[in-house]
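K.L.:
First the structure, which I've put down as C-alpha coordinates, then a few questions once you've had a look.
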Amino acid sequence: MNLELSAEQTAVRRLARDFVARAITPNVIAWDRAEDVDRSIVKKLGDVGFLGLTVDEEFGGSGGDHLAYCLVTEELGRGDSSVRGIVSVSLGLVAKTIASWGSEEQKRQWLPGLTSGEYVGCFGLTEPGTGSDAGNLSTRAVRDGDDYLISGSKMFITNGTWADVVLLFARSTDAPGHKGVSAFLVPADTPGLTRRTIHGKLGLRGQATAELALADVRVPASAMLGPEGKGFAVAMSALAKGRMSVAAGCVGIAQAALEAAVTYATEREQFGKSIARHQLVQELISDIAVDVDAARLLTWRVADLVDRGEPFATESSKAKLFASEAAVRAANNALQVFGGYGYIDEYPVGKLLRDARVMTLYEGTSQIQKLVIGRALTGVSAF
Ligand SMILES: Cc1cc2nc3c(=O)[nH]c(=O)nc-3n(C[C@H](O)[C@H](O)[C@H](O)COP(=O)(O)OP(=O)(O)OC[C@H]3O[C@@H](n4cnc5c(N)ncnc54)[C@H](O)[C@@H]3O)c2cc1C
(Lines give C-alpha, C1' and ligand atoms only; values in the text may rest on other atoms or scores of the structure.)
Protein backbone atom coordinates (compact mmCIF):
# COMPACT_ATOMS: atom_id res chain seq x y z
CA MET A 1 0.00 0.00 0.00
CA ASN A 2 1.39 3.39 -1.04
CA LEU A 3 0.77 6.17 1.48
CA GLU A 4 2.65 8.78 -0.51
CA LEU A 5 0.48 11.75 -1.48
CA SER A 6 0.11 12.66 -5.15
CA ALA A 7 1.42 16.00 -6.44
CA GLU A 8 -2.17 17.37 -6.45
CA GLN A 9 -2.83 16.22 -2.89
CA THR A 10 0.46 17.71 -1.68
CA ALA A 11 -0.39 20.99 -3.42
CA VAL A 12 -3.88 21.22 -1.94
CA ARG A 13 -2.51 20.51 1.54
CA ARG A 14 0.07 23.30 1.11
CA LEU A 15 -2.68 25.63 -0.13
CA ALA A 16 -4.78 24.83 2.95
CA ARG A 17 -1.84 25.33 5.32
CA ASP A 18 -1.09 28.75 3.75
CA PHE A 19 -4.78 29.70 3.88
CA VAL A 20 -4.95 28.84 7.58
CA ALA A 21 -1.80 30.83 8.35
CA ARG A 22 -3.09 33.87 6.46
CA ALA A 23 -6.88 33.95 6.98
CA ILE A 24 -7.51 32.01 10.20
CA THR A 25 -4.63 31.83 12.70
CA PRO A 26 -4.31 35.62 13.22
CA ASN A 27 -8.02 35.77 14.21
CA VAL A 28 -8.51 32.61 16.24
CA ILE A 29 -8.30 34.05 19.76
CA ALA A 30 -10.46 37.09 18.90
CA TRP A 31 -13.16 34.97 17.23
CA ASP A 32 -13.22 32.59 20.19
CA ARG A 33 -13.50 35.41 22.72
CA ALA A 34 -16.16 37.24 20.68
CA GLU A 35 -18.10 33.97 20.09
CA ASP A 36 -18.21 35.00 16.44
CA VAL A 37 -16.17 33.93 13.42
CA ASP A 38 -16.08 36.72 10.81
CA ARG A 39 -18.60 35.63 8.17
CA SER A 40 -16.34 36.87 5.36
CA ILE A 41 -14.37 33.63 5.88
CA VAL A 42 -17.11 31.75 3.96
CA LYS A 43 -16.49 33.68 0.72
CA LYS A 44 -12.73 33.24 1.17
CA LEU A 45 -13.20 29.48 1.61
CA GLY A 46 -15.33 29.45 -1.55
CA ASP A 47 -12.85 31.52 -3.56
CA VAL A 48 -9.99 29.13 -2.76
CA GLY A 49 -12.13 26.15 -3.80
CA PHE A 50 -12.45 24.46 -0.39
CA LEU A 51 -16.28 24.56 -0.42
CA GLY A 52 -16.43 22.69 -3.72
CA LEU A 53 -14.04 19.79 -3.09
CA THR A 54 -15.25 16.47 -4.57
CA VAL A 55 -18.26 18.22 -6.22
CA ASP A 56 -18.46 18.12 -10.04
CA GLU A 57 -17.16 21.22 -11.79
CA GLU A 58 -20.43 21.23 -13.77
CA PHE A 59 -22.14 22.43 -10.56
CA GLY A 60 -19.43 24.88 -9.54
CA GLY A 61 -17.37 22.33 -7.61
CA SER A 62 -13.60 22.15 -7.59
CA GLY A 63 -13.30 18.36 -8.03
CA GLY A 64 -10.55 16.52 -6.19
CA ASP A 65 -10.78 13.23 -4.32
CA HIS A 66 -11.83 12.47 -0.74
CA LEU A 67 -8.26 12.24 0.50
CA ALA A 68 -7.71 15.82 -0.72
CA TYR A 69 -10.92 16.76 1.12
CA CYS A 70 -9.58 15.12 4.31
CA LEU A 71 -6.22 16.90 3.95
CA VAL A 72 -7.95 20.28 3.71
CA THR A 73 -10.29 19.40 6.58
CA GLU A 74 -7.32 18.38 8.74
CA GLU A 75 -5.53 21.68 8.05
CA LEU A 76 -8.68 23.68 8.82
CA GLY A 77 -9.12 21.69 12.05
CA ARG A 78 -5.49 22.39 12.90
CA GLY A 79 -6.30 26.10 12.49
CA ASP A 80 -9.76 26.49 14.00
CA SER A 81 -12.42 23.81 14.48
CA SER A 82 -15.15 26.48 14.25
CA VAL A 83 -14.11 27.19 10.66
CA ARG A 84 -13.55 23.51 9.88
CA GLY A 85 -17.13 22.84 10.98
CA ILE A 86 -18.52 25.42 8.54
CA VAL A 87 -16.97 23.44 5.67
CA SER A 88 -17.80 20.00 7.08
CA VAL A 89 -21.47 20.96 7.32
CA SER A 90 -22.06 23.30 4.34
CA LEU A 91 -20.05 21.16 1.93
CA GLY A 92 -19.78 17.78 3.66
CA LEU A 93 -23.31 17.30 4.98
CA VAL A 94 -25.35 19.55 2.68
CA ALA A 95 -23.74 20.11 -0.76
CA LYS A 96 -22.37 16.58 -1.07
CA THR A 97 -25.75 15.13 -0.06
CA ILE A 98 -27.52 17.26 -2.68
CA ALA A 99 -24.91 16.05 -5.20
CA SER A 100 -25.69 12.42 -4.28
CA TRP A 101 -29.47 12.54 -3.85
CA GLY A 102 -30.66 15.69 -5.64
CA SER A 103 -32.60 16.08 -8.86
CA GLU A 104 -30.94 17.99 -11.70
CA GLU A 105 -33.06 21.03 -10.74
CA GLN A 106 -32.06 20.84 -7.04
CA LYS A 107 -28.40 20.55 -7.96
CA ARG A 108 -28.64 23.61 -10.25
CA GLN A 109 -30.59 25.57 -7.63
CA TRP A 110 -28.23 25.02 -4.70
CA LEU A 111 -24.81 23.65 -5.60
CA PRO A 112 -23.22 26.65 -7.39
CA GLY A 113 -24.10 28.92 -4.44
CA LEU A 114 -22.94 26.44 -1.79
CA THR A 115 -19.65 25.65 -3.53
CA SER A 116 -18.80 29.32 -4.17
CA GLY A 117 -19.55 30.44 -0.62
CA GLU A 118 -22.45 32.63 -1.73
CA TYR A 119 -24.73 30.34 0.29
CA VAL A 120 -24.22 28.49 3.57
CA GLY A 121 -25.99 25.21 4.30
CA CYS A 122 -27.03 23.64 7.59
CA PHE A 123 -28.17 20.14 8.52
CA GLY A 124 -31.34 19.95 10.62
CA LEU A 125 -31.70 16.49 12.12
CA THR A 126 -31.39 16.77 15.93
CA GLU A 127 -34.42 17.92 17.93
CA PRO A 128 -34.77 18.88 21.59
CA GLY A 129 -36.22 15.43 22.37
CA THR A 130 -34.31 13.26 19.89
CA GLY A 131 -30.51 13.28 19.51
CA SER A 132 -29.03 9.77 19.32
CA ASP A 133 -32.52 8.44 18.60
CA ALA A 134 -32.88 10.68 15.53
CA GLY A 135 -35.14 8.21 13.69
CA ASN A 136 -37.91 9.06 16.16
CA LEU A 137 -37.88 12.78 15.37
CA SER A 138 -41.23 14.55 15.60
CA THR A 139 -41.06 17.54 13.22
CA ARG A 140 -43.98 17.03 10.81
CA ALA A 141 -44.41 17.77 7.10
CA VAL A 142 -48.09 17.73 6.13
CA ARG A 143 -49.11 17.63 2.47
CA ASP A 144 -51.20 20.65 1.38
CA GLY A 145 -51.97 20.53 -2.36
CA ASP A 146 -48.68 20.87 -4.23
CA ASP A 147 -46.86 21.91 -1.04
CA TYR A 148 -45.83 20.65 2.38
CA LEU A 149 -46.37 22.59 5.63
CA ILE A 150 -43.55 21.84 8.07
CA SER A 151 -43.78 22.43 11.82
CA GLY A 152 -41.46 21.47 14.67
CA SER A 153 -38.11 22.42 16.18
CA LYS A 154 -34.45 21.59 15.66
CA MET A 155 -31.64 21.80 18.21
CA PHE A 156 -27.87 22.44 18.08
CA ILE A 157 -27.79 23.24 14.35
CA THR A 158 -24.28 24.17 13.17
CA ASN A 159 -24.32 27.19 10.78
CA GLY A 160 -27.97 27.58 11.84
CA THR A 161 -28.13 31.39 11.94
CA TRP A 162 -25.87 31.80 8.90
CA ALA A 163 -27.58 29.31 6.65
CA ASP A 164 -29.36 30.11 3.39
CA VAL A 165 -30.66 26.56 3.03
CA VAL A 166 -31.61 23.97 5.63
CA LEU A 167 -31.38 20.27 4.81
CA LEU A 168 -34.27 19.43 7.07
CA PHE A 169 -35.62 16.08 8.21
CA ALA A 170 -39.33 15.76 8.97
CA ARG A 171 -41.97 13.08 9.35
CA SER A 172 -44.16 13.14 6.22
CA THR A 173 -46.08 9.86 6.60
CA ASP A 174 -47.55 7.87 9.49
CA ALA A 175 -45.04 5.03 9.01
CA PRO A 176 -43.38 4.29 12.38
CA GLY A 177 -39.85 5.37 13.35
CA HIS A 178 -37.37 6.28 10.66
CA LYS A 179 -39.60 4.89 7.87
CA GLY A 180 -41.82 7.99 8.02
CA VAL A 181 -38.98 10.49 7.68
CA SER A 182 -38.32 12.51 4.51
CA ALA A 183 -35.65 15.09 3.68
CA PHE A 184 -36.41 18.63 2.46
CA LEU A 185 -34.35 21.54 1.16
CA VAL A 186 -35.85 24.56 2.91
CA PRO A 187 -34.74 28.13 2.04
CA ALA A 188 -33.87 29.67 5.41
CA ASP A 189 -35.82 32.86 4.71
CA THR A 190 -39.11 31.00 4.27
CA PRO A 191 -41.86 32.60 6.42
CA GLY A 192 -42.48 30.65 9.64
CA LEU A 193 -38.83 29.61 10.10
CA THR A 194 -37.14 31.39 13.02
CA ARG A 195 -33.63 30.91 14.42
CA ARG A 196 -32.03 31.57 17.78
CA THR A 197 -28.29 31.51 18.46
CA ILE A 198 -27.18 29.15 21.24
CA HIS A 199 -24.63 30.96 23.42
CA GLY A 200 -22.38 29.66 26.18
CA LYS A 201 -20.85 26.65 24.41
CA LEU A 202 -17.79 25.06 26.01
CA GLY A 203 -15.98 25.06 22.66
CA LEU A 204 -16.57 25.93 18.99
CA ARG A 205 -17.52 29.29 20.41
CA GLY A 206 -17.07 31.12 17.13
CA GLN A 207 -19.46 28.84 15.31
CA ALA A 208 -23.07 29.88 14.66
CA THR A 209 -24.92 27.08 16.45
CA ALA A 210 -28.67 27.59 16.56
CA GLU A 211 -32.08 26.36 17.55
CA LEU A 212 -34.64 26.42 14.70
CA ALA A 213 -38.40 26.76 15.15
CA LEU A 214 -40.76 25.95 12.29
CA ALA A 215 -44.42 26.97 12.27
CA ASP A 216 -46.31 26.00 9.08
CA VAL A 217 -43.27 26.54 6.87
CA ARG A 218 -44.55 26.15 3.31
CA VAL A 219 -42.31 24.46 0.75
CA PRO A 220 -43.22 23.01 -2.67
CA ALA A 221 -43.29 19.21 -2.94
CA SER A 222 -40.29 19.59 -5.29
CA ALA A 223 -38.22 20.61 -2.22
CA MET A 224 -38.16 16.98 -1.08
CA LEU A 225 -34.63 15.53 -1.40
CA GLY A 226 -34.68 11.86 -2.38
CA PRO A 227 -37.80 9.68 -2.28
CA GLU A 228 -40.55 10.10 0.30
CA GLY A 229 -39.83 7.99 3.41
CA LYS A 230 -36.11 7.75 2.59
CA GLY A 231 -35.07 10.78 4.63
CA PHE A 232 -33.35 8.70 7.28
CA ALA A 233 -31.30 6.94 4.60
CA VAL A 234 -30.38 10.39 3.22
CA ALA A 235 -29.31 11.49 6.73
CA MET A 236 -27.30 8.33 7.43
CA SER A 237 -25.51 8.49 4.07
CA ALA A 238 -24.58 12.11 4.81
CA LEU A 239 -23.34 11.23 8.30
CA ALA A 240 -21.29 8.24 7.09
CA LYS A 241 -19.16 10.65 5.04
CA GLY A 242 -19.54 13.37 7.66
CA ARG A 243 -17.87 11.16 10.28
CA MET A 244 -14.81 10.93 8.03
CA SER A 245 -14.74 14.71 7.90
CA VAL A 246 -15.05 15.03 11.71
CA ALA A 247 -12.24 12.46 12.07
CA ALA A 248 -10.02 14.52 9.74
CA GLY A 249 -10.77 17.66 11.76
CA CYS A 250 -9.81 15.75 14.93
CA VAL A 251 -6.47 14.77 13.36
CA GLY A 252 -5.94 18.50 12.83
CA ILE A 253 -6.66 19.24 16.50
CA ALA A 254 -4.27 16.51 17.64
CA GLN A 255 -1.59 17.72 15.18
CA ALA A 256 -1.93 21.27 16.50
CA ALA A 257 -1.64 19.93 20.07
CA LEU A 258 1.53 18.05 19.11
CA GLU A 259 3.16 21.07 17.47
CA ALA A 260 2.29 23.35 20.39
CA ALA A 261 3.54 20.82 22.98
CA VAL A 262 6.86 20.22 21.21
CA THR A 263 7.55 23.93 20.76
CA TYR A 264 6.68 24.78 24.35
CA ALA A 265 8.61 21.84 25.81
CA THR A 266 11.81 22.91 24.05
CA GLU A 267 11.44 26.56 25.17
CA ARG A 268 10.27 26.22 28.79
CA GLU A 269 12.92 25.50 31.42
CA GLN A 270 12.46 23.96 34.87
CA PHE A 271 15.07 22.46 37.20
CA GLY A 272 17.80 24.12 35.09
CA LYS A 273 16.97 22.43 31.79
CA SER A 274 14.27 22.48 29.14
CA ILE A 275 11.20 20.49 30.19
CA ALA A 276 11.67 18.45 26.97
CA ARG A 277 14.61 16.86 28.78
CA HIS A 278 12.31 15.45 31.47
CA GLN A 279 11.31 11.93 30.46
CA LEU A 280 7.73 12.23 31.72
CA VAL A 281 7.21 15.25 29.46
CA GLN A 282 8.55 13.21 26.53
CA GLU A 283 6.01 10.53 27.43
CA LEU A 284 3.17 13.07 27.13
CA ILE A 285 4.49 14.17 23.73
CA SER A 286 5.02 10.67 22.39
CA ASP A 287 1.48 9.68 23.45
CA ILE A 288 0.14 12.63 21.42
CA ALA A 289 2.29 11.67 18.41
CA VAL A 290 1.02 8.08 18.35
CA ASP A 291 -2.58 9.30 18.58
CA VAL A 292 -1.98 11.68 15.65
CA ASP A 293 -0.57 8.96 13.40
CA ALA A 294 -3.17 6.33 14.28
CA ALA A 295 -6.08 8.75 13.83
CA ARG A 296 -4.69 10.00 10.51
CA LEU A 297 -4.19 6.50 9.12
CA LEU A 298 -7.72 5.43 10.09
CA THR A 299 -9.08 8.58 8.41
CA TRP A 300 -7.06 8.14 5.22
CA ARG A 301 -8.32 4.54 5.00
CA VAL A 302 -11.91 5.81 4.89
CA ALA A 303 -11.04 8.35 2.17
CA ASP A 304 -9.34 5.60 0.17
CA LEU A 305 -12.42 3.34 0.44
CA VAL A 306 -14.76 6.17 -0.61
CA ASP A 307 -12.56 7.05 -3.59
CA ARG A 308 -12.45 3.40 -4.69
CA GLY A 309 -16.24 3.05 -4.37
CA GLU A 310 -15.98 0.45 -1.59
CA PRO A 311 -18.26 0.25 1.51
CA PHE A 312 -16.92 2.61 4.14
CA ALA A 313 -19.59 3.35 6.78
CA THR A 314 -18.19 1.08 9.53
CA GLU A 315 -14.62 2.26 8.89
CA SER A 316 -15.89 5.84 9.07
CA SER A 317 -17.41 5.13 12.50
CA LYS A 318 -14.13 3.55 13.65
CA ALA A 319 -12.13 6.57 12.44
CA LYS A 320 -14.55 9.05 14.04
CA LEU A 321 -14.63 7.12 17.34
CA PHE A 322 -10.85 6.83 17.59
CA ALA A 323 -9.93 10.26 16.23
CA SER A 324 -12.41 12.15 18.43
CA GLU A 325 -11.29 10.39 21.61
CA ALA A 326 -7.65 10.84 20.48
CA ALA A 327 -8.16 14.58 19.92
CA VAL A 328 -9.46 14.99 23.49
CA ARG A 329 -6.51 12.98 24.87
CA ALA A 330 -3.98 14.85 22.72
CA ALA A 331 -5.27 18.30 23.67
CA ASN A 332 -5.40 17.29 27.34
CA ASN A 333 -1.82 15.96 27.21
CA ALA A 334 -0.66 19.15 25.48
CA LEU A 335 -2.33 21.23 28.18
CA GLN A 336 -0.38 19.22 30.77
CA VAL A 337 2.87 20.04 28.96
CA PHE A 338 1.98 23.75 29.16
CA GLY A 339 1.34 23.57 32.91
CA GLY A 340 -0.62 26.56 34.25
CA TYR A 341 -0.12 28.52 31.02
CA GLY A 342 -2.20 25.92 29.24
CA TYR A 343 -5.18 27.09 31.26
CA ILE A 344 -5.02 30.63 29.84
CA ASP A 345 -6.57 31.42 26.46
CA GLU A 346 -3.54 33.38 25.20
CA TYR A 347 -2.02 29.94 24.63
CA PRO A 348 -3.62 27.61 22.06
CA VAL A 349 -4.06 24.33 23.94
CA GLY A 350 -7.02 25.21 26.19
CA LYS A 351 -9.12 26.04 23.13
CA LEU A 352 -8.01 22.82 21.43
CA LEU A 353 -9.32 20.86 24.42
CA ARG A 354 -12.62 22.80 24.56
CA ASP A 355 -13.14 22.37 20.80
CA ALA A 356 -12.16 18.69 20.85
CA ARG A 357 -14.69 17.83 23.53
CA VAL A 358 -17.74 18.07 21.26
CA MET A 359 -16.22 15.72 18.68
CA THR A 360 -17.10 12.69 20.82
CA LEU A 361 -20.69 13.96 21.00
CA TYR A 362 -21.88 15.20 17.60
CA GLU A 363 -22.49 13.24 14.38
CA GLY A 364 -23.12 10.28 16.70
CA THR A 365 -21.66 10.02 20.20
CA SER A 366 -18.82 7.59 20.93
CA GLN A 367 -21.39 5.18 22.36
CA ILE A 368 -23.41 5.32 19.13
CA GLN A 369 -20.26 4.68 17.02
CA LYS A 370 -19.58 1.57 19.16
CA LEU A 371 -23.13 0.32 18.52
CA VAL A 372 -22.68 0.90 14.75
CA ILE A 373 -19.37 -1.01 14.77
CA GLY A 374 -20.80 -3.76 17.00
CA ARG A 375 -23.81 -4.18 14.70
CA ALA A 376 -21.54 -4.56 11.67
CA LEU A 377 -19.43 -7.20 13.44
CA THR A 378 -22.21 -9.26 15.03
CA GLY A 379 -25.09 -8.68 12.64
CA VAL A 380 -27.20 -7.81 15.71
CA SER A 381 -28.62 -4.31 16.18
CA ALA A 382 -28.56 -2.98 19.75
CA PHE A 383 -30.53 0.15 18.79
C1 LIG B 1 -21.90 22.12 19.08
C2 LIG B 1 -22.88 21.14 18.51
C3 LIG B 1 -23.16 21.16 17.14
C4 LIG B 1 -24.08 20.27 16.60
N5 LIG B 1 -24.42 20.36 15.26
C6 LIG B 1 -25.48 19.65 14.78
C7 LIG B 1 -25.96 19.85 13.46
O8 LIG B 1 -25.42 20.65 12.68
N9 LIG B 1 -27.07 19.17 13.05
C10 LIG B 1 -27.72 18.28 13.86
O11 LIG B 1 -28.71 17.71 13.44
N12 LIG B 1 -27.26 18.04 15.12
C13 LIG B 1 -26.17 18.72 15.60
N14 LIG B 1 -25.72 18.51 16.89
C15 LIG B 1 -26.44 17.55 17.74
C16 LIG B 1 -25.63 16.30 18.03
O17 LIG B 1 -25.51 15.50 16.90
C18 LIG B 1 -26.32 15.60 19.22
O19 LIG B 1 -26.03 16.39 20.37
C20 LIG B 1 -25.84 14.17 19.40
O21 LIG B 1 -26.34 13.35 18.36
C22 LIG B 1 -26.27 13.57 20.74
O23 LIG B 1 -27.64 13.77 20.98
P24 LIG B 1 -28.11 14.39 22.40
O25 LIG B 1 -27.29 15.61 22.65
O26 LIG B 1 -29.58 14.54 22.34
O27 LIG B 1 -27.70 13.30 23.45
P28 LIG B 1 -28.53 11.90 23.85
O29 LIG B 1 -28.91 11.23 22.60
O30 LIG B 1 -29.62 12.35 24.78
O31 LIG B 1 -27.42 11.13 24.60
C32 LIG B 1 -27.05 11.37 25.96
C33 LIG B 1 -26.08 10.26 26.40
O34 LIG B 1 -26.73 8.98 26.29
C35 LIG B 1 -25.96 8.11 25.48
N36 LIG B 1 -26.84 7.22 24.72
C37 LIG B 1 -27.95 7.54 24.00
N38 LIG B 1 -28.48 6.46 23.42
C39 LIG B 1 -27.68 5.42 23.74
C40 LIG B 1 -27.68 4.01 23.46
N41 LIG B 1 -28.62 3.47 22.64
N42 LIG B 1 -26.71 3.25 23.99
C43 LIG B 1 -25.73 3.79 24.77
N44 LIG B 1 -25.68 5.10 25.10
C45 LIG B 1 -26.63 5.90 24.58
C46 LIG B 1 -25.18 9.04 24.55
O47 LIG B 1 -24.01 8.40 24.03
C48 LIG B 1 -24.86 10.18 25.51
O49 LIG B 1 -23.72 9.84 26.28
C50 LIG B 1 -24.74 19.33 17.44
C51 LIG B 1 -24.42 19.29 18.80
C52 LIG B 1 -23.53 20.17 19.34
C53 LIG B 1 -23.24 20.13 20.82
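The values are calculated or read from the model by the stated rules, or taken from the named source; none is laboratory data. No experiment lies behind these values; they were computed from the predicted model shown. Here Cβ is always computed from backbone atoms with ideal geometry, including for glycine, and neighbour counts include all displayed protein chains. The protein model used for the area step is the full one, side chains on, heavy atoms only, and it has no ligands, DNA or RNA in it. Shrake-Rupley method; radii C 1.70, N 1.55, O 1.52, S 1.80 Å.
K.L.:
Tell me the residue from D36, D65, D80, D56 that is within 16 Å of the ligand (Cβ to nearest atom), under 24 Å from S316 (Cβ atoms) and of a type in the set (D, E), please.
P.N.:
D80
K.L.:
Could you tell me which residue of segment 26-77 is farthest from K107 (Cα to Cα), considering only residues that are among the charged types (D, E, K, R) and in a loop (DSSP other than H, G, I, E, B)?
P.N.:
Checked segment 26-77; the qualifying residue farthest from K107 (Cα to Cα) is E35.
K.L.:
Another one. Suppose the filter is within 13 Å of the ligand (Cβ to nearest atom) and outside the structural domain of L361 (by TED's automatic domain parsing); does H178 pass it?
P.N.:
So H178 fails the test.
K.L.:
What number of residues within segment 107-140 are within 16 Å of the ligand (Cβ to nearest atom), β-branched (V, I, T) and either open to solvent by 20 Å² or more (accessible area, probe 1.4 Å) or touching a residue at least 12 places away in the same chain (Cβ under 8 Å) (or both)?
P.N.:
The number of residues fulfilling the criteria is 3.
K.L.:
Do you know which residues across segment 42-87 are of a type in the set (S, T, N, Q) and either open to solvent by 10 Å² or more (accessible area, probe 1.4 Å) or under 17 Å from W300 (Cβ atoms) (or both)?
P.N.:
Within segment 42-87, T54, S62, T73 qualify.
K.L.:
Restricting to segment 146-166, count the residues that are part of a strand (DSSP E or B), β-branched (V, I, T) and under 18 Å from the mean Cα position of the chain (by Cα).
P.N.:
4
K.L.:
Please work out if P128 is touching a strand residue (DSSP E or B) at 6+ places or on another chain (Cβ under 6 Å) and more than 22 Å from I253 (Cα to Cα).
P.N.:
yes
K.L.:
Name the residues in segment 141-155 that are within 16 Å of A235 (Cα to Cα) and either among the hydroxyl-bearing types (S, T, Y) or open to solvent by 10 Å² or more (accessible area, probe 1.4 Å) (or both), would you?
P.N.:
Within segment 141-155, just M155 meets the criteria.
K.L.:
Does A95 count as out of contact with any Ser or Thr (no Cβ under 7 Å at 6 or more places or on another chain) and at pLDDT 95 or above?
P.N.:
No; evaluated as a whole, the condition is false for this residue.
K.L.:
What's the total number of residues in segment 21-39 that are free of Cβ contacts under 8 Å to residues at least 60 places away in the same chain and under 22 Å from T209 (Cα atoms)?
P.N.:
6
K.L.:
Looking at segment 354-367, which of its residues are of a type in the set (A, V, I, L, M) and open to solvent by less than 30 Å² (accessible area, probe 1.4 Å)?
P.N.:
If the condition is that a residue be of a type in the set (A, V, I, L, M) and open to solvent by less than 30 Å² (accessible area, probe 1.4 Å), then A356, M359 are the ones that fit.
K.L.:
Residue by residue through segment 284-311, note down the ones that are of a type in the set (D, E, K, R), part of a helix (DSSP H, G or I) and closer than 19 Å to H66 by Cβ.
P.N.:
R296, R301, D304, D307
K.L.:
Grab the helices (runs of 4 or more DSSP H) fully contained in segment 312-378, keeping just those with 2 or more residues being away from the ligand (no atom under 16 Å from the Cβ) and touching a strand residue (DSSP E or B) at 6+ places or on another chain (Cβ under 8 Å).
P.N.:
Those helices (runs of 4 or more DSSP H) do not exist here; none qualify.
K.L.:
Can you spot a residue in segment 253-263 that is within 30 Å of H66 (Cβ to Cβ), among the hydroxyl-bearing types (S, T, Y) and modelled with pLDDT of 95 or more?
P.N.:
no
K.L.:
Sticking with this one: Just to check your reading of the model, which residue among R84, R143 is assigned to a helix (DSSP H, G or I) and either basic (K, R) or free of Cβ contacts under 8 Å to residues at least 40 places away in the same chain (or both)?
P.N.:
R84
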